[in-house]
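For reference, the structure discussed in these notes is given below.
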Amino acid sequence: MTEKPSNLQIDSGRLWGAIHETAKFGATAKGGVRRLTLGPEDKQVRDWFRNACEAAGLEVHVDALGTMYGLRKGRDMSKAPVGLGSHLDTQPTGGKYDGILGTLAALEVVRTLNDAGIETETPLCIINWTNEEGSRFAPAMMASATYAGDYTTEDIQSRKDAAGITVGEALDSIGYRGAEPVGARKLSAFLELHIEQGPLLEAEGKTIGVVDRGQGIIWYDGRITGFESHAGTTPMPLRRDALSTLAEVVLAIEKVVIAHGPNAVGTIGEVNIANPSRNVIPGEIAFTIDIRSPDVAIMDAVDRDIKAAAKEIAQRRRVDIAIDQIWRKPPTIFDKKLVDAVENASRELGYSNRRITSGAGHDACNLAGVVPSAMIFVPCKDGVSHNELEDATQADCSAGANTLLHAVLAVAGIASK
Ligand code: HGY
Ligand code: MN
Ligand code: MN
């Protein structure tokens with residue numbers, strides 16, 4: 001095998017150009033990106049990504065959930081490729097970097113190796129995972145979770161959005177339902193570059209986050225059933241008001257999570273009043289809960305306590321409160337060898353770095369269940385993400401991509417250059 005060229009660097013301007021060129025697909029007035037999975041804007045960026053992969057000499061494959069694989073041949077094609085990538089879908093009020101940086105940095109790694117005439121020993125596979133965000137279709141990271149064997153393809157293809165459209169129908173509507181079975185394309189490792197989406201790296205002036213673990217996540221669908229009645233004629237003590245009940249439930253969840261803090265967070269991100277009317281007491285409300293902790297015992301304790309709190313509120317207010325778990329992802333421990341490869345790469349390149357736990361879920365957290373996986377973080381401005389103000393610097397994005405390049409070369413090996 002050939003020695004890794006320590007001075008090899010990605011083309012910073014080309015990466016930055018790709019990030020800002022693709023940000024036009026779903027661009028919002030506030031400078032963010034709204035590119036819900038499997039919608040028209042997602043198709044635009046997928047087509048762009050496919051063309052860029054093919055122009056870089058990659059063989060593009062699409063699986064039955066629309067995940068895109070760009071295969072770069074290596075000297076030994078008998079070896080399962082080293083995977084690198086992330087996602088191109090965004091939140092409704094998303095930014096230019098969440099997911100996009102990791103996917104385009106993977107493309108930039110390939111472009112850099114092409115320019116340098118480097119052939120890796122092990123093939124590479126750059127990946128755009130379908131529906132990482134979980135905003136339009138639940139759960140989040142659904143395609144990588146299916147790849148990891150947590151769901152069947154049929155189950156996920158039948159999941160519906162708020163308009164009743166299934167994942168399968170949405171895939172067909174943009175022409176990205178591939179023939180390849182999900183999980184058929186084996187990988188020997190997976191590396192994902194991502195913005196931290198939190199404040200630690202920026203606060204400590206660190207360029208690279210060497211991600212060695214990820215928080216566990218529980219998602220619930222909640223439903224409160226009270227009784228619709230006249231806003232003017234119903235005396236307060238007789239009301240079974242679903243919205244006042246929800247107000248208590250939201251604060252009770254916040255109280256439980258803070259009591260189990262600091263390593264626990266909880267969010268009610270969606271609320272829907274059935275048949276809202278300003279002069280009808282709400283009788284039916286649907287809502288969602290997102291609970292996270294790096295500690296399984298804390299996850300279980302929060303689960304137990306929020307259900308107990310809901311039960312007490314339901315009895316006192318004479319309503320029904322259902323809290324149904326729809327997704328549970330245990331905390332992730334990333335592969336030690338790969339994490340070390342990331343840390344060594346950032347050190348060789350002279351980037352300040354620190355070990356860090358991911359507060360966000362990522363496709364790499366699912367991959368970690370089936371192949372050695374690791375992540376690289378770079379700072380984002382004020383730690384803000386899932387917000388149109390999400391921002392990062394060209395220097396940090398390039399540092400992350402260089403770290404990805406050298407970690408991938410350390411894992412895949414160089415056959416010739
Ligand atoms: O929810 C998450 O953690 C990811 O950003 N979708
Ligand atoms: Mn993401
Ligand atoms: Mn996200």
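The values are calculated or read from the model by the stated rules, or taken from the named source; none is laboratory data. Computed from a predicted structure; not experimentally measured. Backbone-built Cβ (ideal geometry, glycine too); neighbour counts: all protein chains shown. All accessible areas refer to the heavy atoms of the entire protein, side chains included, with ligands and DNA or RNA removed. Shrake-Rupley method; radii C 1.70, N 1.55, O 1.52, S 1.80 Å.
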Qualifying positions in segment 74-104 - away from ligand 1 (no atom under 15 Å from the Cβ) and not in a strand (DSSP E or B): G74, R75, D76, M77, S78, K79, A80, P81, L104
Can you tell me which residue within segment 1-52, out of those that are open to solvent by 40 Å² or more (accessible area, probe 1.4 Å) and among the basic types (K, R), is nearest to I165 (Cα to Cα)? K43
May I ask you to list pairs of residues, at least six apart or on different chains, whose Cβ atoms are under 7 Å apart, with the first in segment 216-233 being under 18 Å from R316 (Cβ atoms) and open to solvent by less than 40 Å² (accessible area, probe 1.4 Å) and the second being assigned to a loop (DSSP other than H, G, I, E, B) and away from ligand 1 (no atom under 16 Å from the Cβ)? I224/V319; G226/R240; G226/D241; G226/P282; G226/G283; G226/V319
Return the total of residues in segment 116-145 being open to solvent by less than 10 Å² (accessible area, probe 1.4 Å), in a strand (DSSP E or B) and either not assigned by TED's automatic domain parsing to the domain that holds K186 or not hydrophobic (A, V, I, L, M, F, W, C) (or both). 2
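Look through segment 194-217, keep the residues that are among the acidic types (D, E) and more than 13 Å from ligand 2 (Cβ to nearest atom), and return whichever of them is farthest from E388 (Cα to Cα). Let's see the steps before the verdict.
Step one: filter segment 194-217 for residues among the acidic types (D, E), giving 196, 202, 204, 212.
With the extra rule that they be more than 13 Å from ligand 2 (Cβ to nearest atom), the set shrinks to 202, 204, 212.
Values: E202: 19, E204: 24, D212: 28 Å.
Checking each candidate, the answer is D212.
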Mind checking which residues of segment 307-325 are surrounded by fewer than 16 Cβ atoms within 10 Å (Cβ to Cβ) and more than 24 Å from P139 (Cβ to Cβ)? A308, K311, E312, Q315, R316, R318, D320
What is the number of the single condition among (1) open to solvent by less than 10 Å² (accessible area, probe 1.4 Å); (2) under 20 Å from L113 (Cα atoms) that M375 does not meet? (2)
Say we look at segment 310-365 and pick out the residues that are under 23 Å from S144 (Cα atoms), of a type in the set (A, V, I, L, M) and touching a Phe, Trp or Tyr at 6+ places or on another chain (Cβ under 8 Å); which of these is nearest to ligand 2 (Cβ to nearest atom)? A364
Can you pull out the residues in segment 261-306 that are closer than 30 Å to H230 by Cβ, part of a strand (DSSP E or B), open to solvent by 60 Å² or more (accessible area, probe 1.4 Å) and within 16 Å of ligand 3 (Cβ to nearest atom)? none
From L71, L107, L113, grab the single residue that is over 12 Å from the mean Cα position of the chain (by Cα), among the aliphatic types (A, V, I, L, M), in a strand (DSSP E or B) and away from ligand 3 (no atom under 14 Å from the Cβ). L71
Out of everything in segment 351-372 that is within 16 Å of ligand 1 (Cβ to nearest atom) and farther than 14 Å from S86 by Cα, what residue ends up being surrounded by the fewest Cβ atoms within 10 Å (Cβ to Cβ)? T357
Members of segment 386-407 found to be surrounded by 24 or more Cβ atoms within 10 Å (Cβ to Cβ) and of a type in the set (S, T, Y), listed by number: T403
Pick from segment 146-162, criterion acidic (D, E) and not in a loop (DSSP other than H, G, I, E, B), ranking: most open to solvent (accessible area, probe 1.4 Å): E154
